[in-house]
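The values are calculated or read from the model by the stated rules, or taken from the named source; none is laboratory data. Computed from a predicted model, the values in this text were never measured in an experiment. Here the Cβ positions follow ideal geometry from the backbone for every residue, glycine too, while neighbour counts run over all protein chains shown. These area figures cover heavy atoms from the full protein model, side chains too; ligands, DNA and RNA do not enter into them. Shrake-Rupley method; radii C 1.70, N 1.55, O 1.52, S 1.80 Å.
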Amino acid sequence: MANRFASSTPLSARASITSFALAILTATGAMAQSSQVGVPPDSDLAIPLVMIDRLLDQKLESESQTPVGQSNDAEFCRRLWLDLAGVAPPVWELRSFLADESDDKRSRLIDRLLHSPRFADHMATRYTNSLLPGDVESVPQPDVEALQRWLRQAFLENKPYDHLVGAFLTAGGGTDTGPAIFYTSREADPIKVASATSRLFLGIGIDCAQCHDHPFADWNQNDFWSFAAFFSQLELGENAMPNNRVVEDRIGKELTLMDTDQIIQPRYLGSDEPPEPDPENLRRRQLTIWLASRSNPYFATAAVNRVWAHLFGRGLVNPIDEIDSIEHASHPQLLRYLSAYLIEERFDLRKVYRAIANTRAYQRTSRFDGLRPPQNSYAIMHPKTLSPEQYFDSLRQNIIRRLDPVLSETGMIDLQRQRFVQRMRDRGATPMDYPHGVVQVLGMINGPEMMLATTDSSSGIIAAIEAPFLDDRQRIEALFLASLSRPPTEAESKRFLDYLTDDSINASKPQRWGDLIWVLANSAESFVCP
């Protein structure tokens, strides 16, 4: 939809506004306990994992539901690695974890992964996929990689979430610097940017209020346009680098209501008051300071709901960008508690991940015979479909292993990963869906990555299991650990042994190993996080 702008005297504000915004955030954003999120009575923010389980158990008991038992070590290890590191555990890591008999090995693994570069890599990938528009394939790959590097560094430093978002939303400069791509990929259109910002950082979908009052929530057309006015100063410029546009703020540039000359003044969502004045009238900075303030009831709630959805496949409010009211949550008290905990911990997302991953709820098994309890009961862990990145990286790390130096040096492996992700991605799908159709399945079972994994000349695991000190039963176990992160059952082991020794099959031993890898890598179990 077209929008019009009324410009007054141009005044370039190209200088970064980030440092000032962060100084204000430091003074106001890192708050003590907030009353806005409504901490449940009898809550203790010092014992989060106890409180999380208690609040979940209270609802299970009220609904006469019984939770399932805990996951076994192999199931837990695969889940945690995929959730926090974005890849299945390496075989040696899995063996070490299974052999460890100490009582605290799960909590130690949680801490180690949260502090590893792999966590930063995985979070950068997840946030990049969320921050860019649906047609991300049209965005230049170097700019996508610049954003990933920026995010990776932020997660490596464990930058407080309010500071991360503040720096992100107030960023200017070229697309090769990272965050600017958020604006350039939306043509710096205040309508598109406002819609994305409200969904991503406030958990509110107010898009339809652009044209009419929201039919199911309290948002009206004025709410949407007043929020969009915070981005009215956005402007795209050019710099000396080809195909590299620059994001700037143009003071005095206004937003007008569609099809009218009415200038819209900025106003925070859910507020009837005008924003606090900014000394330089920079509207993005005005918005950013409010985001993490105690008068904003949405920011922390949206953040913890996103973390919950990451680990359980669905948010406490689901979909995660429809938090019009906290009462819509499956567990309102729990959502309030987690929001208060994030604020108490000064927006340290790593501590929220740590608390949830240590709960009994997160560590429940996903294996269950019979009618599965509802997803939003959290009486059982429901398997999550792997993202294309998780599947490819696991296959490359555990099965292919041996990379052709020529392919690695020329970046062909990363190009192959990029093509695989494009082929398998469905941006409308949730982790609870299996969205792939015939085309994706055929591409999977016959694709180049499967050829690398199953051909003895390129498959690292086939080369590894040819070691003379291993017998076939041990080799089969290695295949299962690499593919499914668990040892085979006795029946599975026998069936594989029968195939290896069947004289009626015209295939060499390496070819038979390739066939078995193909079976495991294309099994439904290999595509899920248990």
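Descriptive notes on the structure:
- Meets criteria (of a type in the set (S, T, N, Q) and part of a helix (DSSP H, G or I)) for residue 222: yes
- Every residue from the range 495-530 that is part of a loop (DSSP other than H, G, I, E, B) and in contact with a strand residue (DSSP E or B) (Cβ under 9 Å, 6 or more places away or on another chain): 530
Here is a yes/no grid of residues against (1) of a type in the set (Gly, Ala, Ser); (2) touching a residue at least 60 places away in the same chain (Cβ under 8 Å); (3) on the phi < 0 side of the Ramachandran plot; (4) touching a Ser or Thr at 6+ places or on another chain (Cβ under 6 Å):
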position	(1), (2), (3), (4)
445	no, yes, yes, no
454	no, yes, yes, no
492	no, no, yes, no
524	yes, no, yes, no
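- Residue, nearest to the chain's Cα centre (by Cα), within the range 259-299, restricted to residues that are open to solvent by 80 Å² or more (accessible area, probe 1.4 Å) and charged (D, E, K, R): 294
- When residue 160 is tested against (1) closer than 19 Å to residue 202 by Cβ; (2) at pLDDT below 95; (3) crowded, with 19+ Cβ neighbours inside 10 Å, just one condition goes unmet, and that condition is (2).
- The single residue among 147, 156, 114 that is of a type outside the set (Lys, Arg), within 28 Å of residue 486 (Cβ to Cβ) and under 16 Å from the mean Cα position of the chain (by Cα) turns out to be 114.
- Among the conditions (1) under 14 Å from residue 389 (Cβ atoms); (2) at pLDDT 95 or above; (3) not polar (S, T, N, Q), the only one that residue 145 does not satisfy is (2).
- When the test is whether a residue is at negative phi, surrounded by fewer than 22 Cβ atoms within 10 Å (Cβ to Cβ) and within 21 Å of the chain's Cα centre (by Cα), residue 350 passes it.
- Residue in the range 97-116 that is open to solvent by 50 Å² or more (accessible area, probe 1.4 Å) and either among the aliphatic types (A, V, I, L, M) or in contact with a Ser or Thr (Cβ under 7 Å, 6 or more places away or on another chain) (or both) present: yes
- The range 480-528, subset open to solvent by 80 Å² or more (accessible area, probe 1.4 Å) and under 19 Å from residue 451 (Cβ atoms), residue farthest from the chain's Cα centre (by Cα): 509
- Top-ranked residue of the range 448-458 - restricted to ones that are in contact with a helix residue (DSSP H, G or I) (Cβ under 7 Å, 6 or more places away or on another chain) and assigned to a loop (DSSP other than H, G, I, E, B), ranked as least open to solvent (accessible area, probe 1.4 Å): 458
- Meets criteria (in contact with a Phe, Trp or Tyr (Cβ under 6 Å, 6 or more places away or on another chain), more than 30 Å from residue 377 (Cα to Cα) and not in a helix (DSSP H, G or I)) for residue 316: no
- Checking 513, 518 one by one, the residue that is of a type in the set (Phe, Trp, Tyr), in contact (Cβ under 8 Å) with a residue 24 or more places away in the chain and within 18 Å of residue 394 (Cβ to Cβ) is 518 and no other.
- For the range 159-191, filtered to residues that are β-branched (Val, Ile, Thr) and farther than 20 Å from residue 343 by Cβ, the residue that is nearest to the chain's Cα centre (by Cα) is 181.
- Residue in the range 334-350 that is touching a strand residue (DSSP E or B) at 6+ places or on another chain (Cβ under 8 Å) and either charged (D, E, K, R) or under 21 Å from residue 85 (Cβ atoms) (or both) present: no
- The condition (being farther than 19 Å from residue 414 by Cβ, out of contact with any strand residue (DSSP E or B) (no Cβ under 9 Å at 6 or more places or on another chain) and not in a helix (DSSP H, G or I)) is satisfied by just one residue among 93, 61, 101, 75: 101.
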